[in-house]
Each structure stands twice: as C-alpha cells, then as structure tokens.
1. For the chain, take the longest principal axis of its alpha carbons; what is the angle in degrees between that and the long axis of helix 70-81, to the nearest 10 within 0 to 90?
2. Can you give the accessible area of Tyr155, probe radius 1.4 Å, in Å² rounded to 10?
3. What would the Debye formula give as log10 I(q)/I(0) at q = 0.09, 0.10, 0.19 Å⁻¹ for the alpha-carbon point model of segment 118-232, no solvent?
4. Where does each of 108-114, 197-203, 35-41 land if you order them by average Cβ count within 10 Å, highest first?
5. How far is helix 153-173 tilted, in degrees, relative to the longest principal axis of the Cα atoms in the chain, given as a value from 0 to 90 rounded to the nearest 10?
6. Compute the normalised compactness of segment 170-214: alpha-carbon radius of gyration over 2.2 N^0.38 Å, N being the residue count.
7. Taking the Cα atoms only, what angle lies between the long axis of helix 117-132 and the longest principal axis of the chain, rounded to 10 degrees?
8. Ignoring ligands, DNA and RNA, what percent of the 1.4 Å accessible area of segment 2-260 is carbon and sulfur?
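The values are calculated or read from the model by the stated rules, or taken from the named source; none is laboratory data. It should be emphasised that the depicted structure is a prediction, and the values quoted were computed from it without experimental measurement. Positions of Cβ are generated from backbone atoms using ideal geometry, with glycine treated the same way; all protein chains shown enter the neighbour counts. These accessible areas exclude ligands, DNA and RNA; they are computed on the full protein's heavy atoms, side chains included. Shrake-Rupley method; radii C 1.70, N 1.55, O 1.52, S 1.80 Å.
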Amino acid sequence: MAAYKDKVIWITGASSGIGEALALDFAKRGARLILSARRESELKRVGDSTKLPELDLMLLPFDLNNTSNASALAAQVINKFGRIDILINNGGYSQRSEVMKTSEEIDRQLMEVNYFSYVNLTKAVLPYMKRQKTGHVVVISSIAGKFGFFLRSSYSAAKHALHGFFESMRLETEQFGIKTLIVCPGKVKTNVSNNAVTADGSKHNEMDPSHENAMSSEECAAEIIKGISGNKEEILIGGKEILIVYIRRFFPRLFRKIIRKQSPY
Ligand SMILES: NC(=O)c1ccc[n+]([C@@H]2O[C@H](COP(=O)([O-])OP(=O)(O)OC[C@H]3O[C@@H](n4cnc5c(N)ncnc54)[C@H](OP(=O)(O)O)[C@@H]3O)[C@@H](O)[C@H]2O)c1
C-alpha cells in the first residue's frame, strides 16, 4: 500500500472500465491522481468516488483523437503536482468491422486514438521523468496486440504497434530510471465491446457474450498494480482466453486451427 502514497499518477480512459477501477484502487493506496477521458461528467463522477481532496486530484479532460497539445497537457500536470511518477496510457476503443467494409478514416482514427496518442503523451512526460531520474510508463495493449483476430484489424494493428514502440523506448530510457510495463488483457467485463466502432462509424452497442462472464475491471486493475509493483515488463491478464498466447508461441500449427474456430464476439 505504502508504495503508492503521494505518488502522482496520470490515468487516461479514467471515466469507465479498467481506468476507473485503477483510479479507485490507487486512491485507496494514497496516490494523487490526474484523471483523463472525454466525458467531463463521468470524470467528475469517478473523481468524487475517489474521495480525494482537491489538492490530490485533477480532472483533465481531452480527446485522444488529437494529442498535438500533449506537451501543454503535461505542463498543466507539472504546474499542479510538480512531478509525474506514473503515466497509464489506457484510454481507447475497439473495433467490430470487416477489413473490406472499413473506411480508411476509421482505420486511421483507430490508430490515432489507440497508438499515436500513447506515443504523444508519453513523449510529453518523458523529459520530466528523466529529470526526476524515475518514472513508470504503463501501456494497456491487449491479447489483440499478440495476434490478429476477426473484425479487429486496425485495433489489433494499433495494439501490435504499441509493442514495437514501447519495447524500443524501454531500452532507450531505462538508463534514466524509467520503467515500461506493457499490459495485455484478455477479456475484461467493461463497456469495451459496446463502445467498439463498426464499419459505418457507429458504436457496436452490444456486450459481447465473451465479455459477460469475464474478469471484473477491479480484478484487472489489481493485477496491473501488481505488475507495476513487481517491475514487470509485460503481463497477460484474464481467464482461460490468455492461454491462446502460449499456444501460439509453443504450438503454432494448433493455434492456426483454434483461432479460425473462435467466434468474433
Ligand atoms: N475490456 C477488455 O476486455 C479489454 C481487453 C484488452 C484491452 N483492453 C483495453 O483496455 C483499455 C480500457 O478499455 P475498457 O475495457 O476499460 O473500456 P471502456 O470501459 O470502454 O473504457 C474506455 C475508456 O477510454 C476512453 N476513451 C475512449 N475513446 C477516447 C478518446 N477518443 N479520447 C479520450 N478518451 C477516450 C473512454 O472515455 P470517454 O468515452 O469519456 O472519452 C473510457 O474512459 C483500452 O485501451 C482497451 O483497448 C480492454
């Protein structure tokens, strides 16, 4: 618990699901929080439920679709807290659309929100972490960052891209005391499938059956915090669905058979 007392932690996607659960858990551990997402009313709801005093809480709403102002956002955090100990790049959305029906615009937006925003925010925060000689960057990827899957082409591509970028960054920045954790959740019971984009740009608006009985966001948050505390470089979180990552690694032919039989939902 004491490990996070007074630590300054910036969480994106904090208005729901995994980000919200992380905010509540870190608040109980005595952290000081910056909560980001688009919906201010939901950020306020989460902020209120952390019960943190104003001194230890900042609501910083913005759209991950445009993070060209990332340096200014990081400067706002520094103005209030003087440091950033942990950045958790978590905000994003999934996809439920076929390659041949998905427009370039939707492909590019999925990359912008799920990949480029993580890059921009992290680059804005790194100089402060370097100056502090300590910091932790956490990146929420997915098992879709480990293999491609039906209806998730650009989402999976963005998640794969995170691994390439942040594994490279880890090698370059660990000399400054900066740690990088890549988190690959399997299925977590959140609104992620409801909020997934379809081929016409609207929301999927359904909870996939595979998410109904999945791990809770609270359990997922606890596993992420365990991964940060244990200085892990990469963790897989979820139920039996994460076994497929090991099957792919050790039995690639079996993986190719199994993956084709899975429901996209
Ligand atoms: N749940 C799973 O099974 C699962 C599995 C693997 C990976 N993940 C990853 O986990 C992360 C969190 O997802 P979740 O499951 O907690 O889903 P969620 O409940 O839908 O939460 C997504 C969060 O991202 C924010 N967000 C989405 N688009 C945004 C944008 N353009 N600008 C700013 N914020 C945006 C949302 O806030 P606003 O709508 O208020 O902006 C919300 O706070 C995502 O990166 C997702 O890919 C989830």
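1. Its long axis makes an angle of about 40 degrees.
2. That residue has around 30 Å² of solvent-accessible surface.
3. Here log10 of I(q) over I(0) equals -0.30, -0.36, -1.08.
4. Listed from highest to lowest mean packing, they are 108-114, 35-41, 197-203.
5. Around 40 degrees separate the two axes.
6. 1.80
7. Tilt relative to the chain: about 30 degrees.
8. Carbon and sulfur atoms account for 51 percent of the accessible area of segment 2-260.
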